[in-house]
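Okay, so here's the structure we're looking at.
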């Protein structure tokens, strides 16, 4: 796999990794692709709202599982990563085969998650059954991109997307694939953070002025509404 970059280098854009544990040589030699599985690296919150499509060691970019699965499924050999002409360390989009994916400046994909559904999953025992794959299981997986995983014994890896439920980490990679294939993307303009900060500052100033000129009993409902408004913007 190789990457073609346009604009200034975006290698510094994604989250950085200091080290990684490689695959065993036998696995790496026979793998059609290699992708990382990190969904929320370096963030203080456990809620996953955007996932990095790449990690970086400062010199090279490492694609995530969903992205690499897209590349392998299409038989593509390269990623076309768009930066900006006059600034390093910024991404704007990633092209794989026939698909162009809009990303944040840090190379993240805003997750357009839906409630977890049982029909997304097929048990490994149904695929590896000694008697062969049943017609129902074959119909469920034919023509689809399938991801499989087995966590270490005694370790079940769950994450929390924005909808509040706990789901297996692999489910979010599958939903990333669904999102890319369907072309349904969420967008957040670059000026959104500045607007939120300005709104909170203006609202806070108005509350202070209101408290000075009216009684606390009258100001309290406005103070409560301002608190709720701030929480909703951050959620």
Classify region 2-113 as rounded, prolate or oblate, taking a ≥ b ≥ c as the square roots of the eigenvalues of its Cα gyration tensor: rounded when a/c is under 1.5, otherwise prolate if a/b is larger than b/c and oblate if not. rounded
What is the distance in Å between the Cα centroid of region 117-132 and that of region 49-81? 28 Å
Under a point spin-label approximation (7 Å from Cα along Cα-to-Cβ), what is the residue 125-residue 145 distance to one decimal in nm? 3.0 nm
Is any residue of region 102-142 close enough, with backbone N under 16 Å, to a label point placed 7 angstrom from the Cα of residue 30 along the Cα-Cβ axis, and if so, which? none
Scoring region 39-154 by relative contact order with C-alpha pairs under 8 Å, at least six apart, yields a percentage of 18 percent
Rank the residues 191, 110 as a footprinting-exposure proxy: fewest other Cβ atoms within 10 Å of their Cβ go first. 191, 110
Going by how many other beta carbons lie within 10 Å of each one, how would you line up 196, 68, fewest first? 196, 68
Please arrange 59, 136 by counting, for each residue, the other beta carbons lying within 10 Å of its beta carbon, fewest first. 59, 136
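Here, each number is a calculation from the coordinates, and none is a lab measurement. Only a predicted model underlies this, so the values are computations on that prediction, with no experimental measurement involved. Backbone-built Cβ (ideal geometry, glycine too); neighbour counts: all protein chains shown.
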